[in-house]
Amino acid sequence: SKFRSELNKFIAAIDKTQTHYICCIRPNGESKPLAVGQKETLMQLRAIGAVAATKLNKESYPQNMSTCDFLKRYGFLYFEDIKDIDRMDPSAVKEGAEYVLHQLLPKENINGVEVFPWSIGETKIFFRSGVLERIEIMIDEFIQESASRLQSWVRMRKVRREFVIYRNHVVLAQALFRARVERRRYWNVITVIQRIQSNFRRCIAMNKARRLLRHRAATKIASQWRVYSCSRVFSRKVNAAKQIQKAYRFGKNKNSLLTHMVEVVEAARRDRRRADVRQKIHRATAFNPMDESDVIGDIESV
């Protein structure tokens, strides 16, 4: 009938759920709000067996988890690559879960005995009360530490990139400054070298000019002396010609004229010889004029 089918559906729905029992505790016998009687409450808890159940739960393994689920959830802490755990051999899954348990939960002192806070079977792991909460806290701490490391690495990467850019700019600025200093020093050295070269060339030119001036002065003095000597000889010849013309015009006799001409010729020859001697003496005594005059005087006296 319809009622039976609905009842069967209701029972099937109840079977799919987990049954929980709620036991109400009366806090006080006076029914006052916000008032708890410790004795009455403790008596009720002992009467329903809650204290004994709590002690038993603490001493036993109330929590359990399959080895596959445990390795899927906590295996990443010690294994880098965990894939297809469902396809792995159960013995390999058990060994991996046991290795993770030994690393996470070492032995503890319980009632003076060193025991593990867990026990592992073929396909399941049993934990003491509060052990899974401790594991979750460890996972949270690990995740927080990993996140902090990741954040520090990202910040370090960002700061490092900025530092490298700043360092490159500083190195470039230093290189440009050093290049400018070296360029300025180089041009200073070039300027000093050019000044030294110009001074050296100027000294050479001045020495050459002095030599040319001395040579020109000597040449000019020699030319002036030659002009003077030639003009003196010429004037003497002119005077002799005038005297000859004068003697001829006044009608002197032939002998006197010849005698006078011979004397003039001899005087001209003597003057020429004297001029040659003076020129030679001047060349020989070019650096001592006093000696030249003395020599000429001695020759004229002779």
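May I ask which of Lys55/Lys94; Lys16/Lys124; Lys72/Lys107 have a Cα-Cα span longer than 27 Å here? Exceeds cut-off: Lys55/Lys94. Whole-Hz Karplus values for the stretch 148-163 come out as 5, 5, 4, 5, 5, 5, 5, 5, 4, 4, 5, 5, 4, 4, 5, 5 Hz, taken residue by residue from phi with 6.51 cos²θ - 1.76 cosθ + 1.60 and θ = phi - 60°; glycine and proline positions read x. Here the extension length gained between Glu6 and Tyr61 equals 15.9 nm, from 0.36 nm per residue of separation less the Cα-Cα distance. Pair-distance distribution of the stretch 189-228: all C-alpha pairs, bin width 5 Å, starting at 0; shares per bin in whole percent are 6, 22, 13, 14, 10, 11, 7, 7, 4, 4, 2, 0. Segment Phe116..Asp271, full-extension length gain: 40.6 nm, with 0.36 nm per residue of separation and the alpha-carbon distance subtracted. Peptides 200-212, 87-99 ranked from most to least packed, by the mean per-residue count of other Cβ atoms within 10 Å: 87-99, 200-212.
A P(r) calculated from all alpha carbon pairs of the stretch 110-158, with 5 Å bins opening at zero, reads 5, 16, 14, 15, 13, 11, 9, 7, 7, 3, 0 percent. Heavy-atom accessible surface of Arg269, to the nearest 10 Å², is about 120 Å², with a 1.4 Å probe and all protein chains retained.
Between Gln63 and Phe127, the built amide H atoms are under 5 Å apart, and every one of these is 5 or more places off in sequence or on another chain. If R0 is 51 Å, the Cβ-Cβ spacing of Arg149 and Leu34 corresponds to a FRET efficiency of close to 0.60. Taken as Cα centroids, the stretch 263-277 and the stretch 170-225 sit 57 Å apart, rounded to the nearest whole angstrom.
Summing charges over all other residues whose Cβ lies under 11 Å from the Cβ of Ile135, with Lys and Arg as +1 and Asp and Glu as -1, gives -2. Sorting the Cα pairs of the stretch 97-178 by distance into bins of 10 Å, from 0 upward, gives 14, 26, 17, 13, 11, 10, 7, 2 percent per bin.
The values are calculated or read from the model by the stated rules, or taken from the named source; none is laboratory data. Predicted model, so just to flag it, every value in this text is computed and none were measured. For neighbour counting, all protein chains shown are included, and Cβ atoms are generated from backbone atoms with ideal geometry for every residue, glycine included. For accessibility, only protein heavy atoms count, side chains too; no ligands or nucleic acids. Shrake-Rupley method; radii C 1.70, N 1.55, O 1.52, S 1.80 Å.
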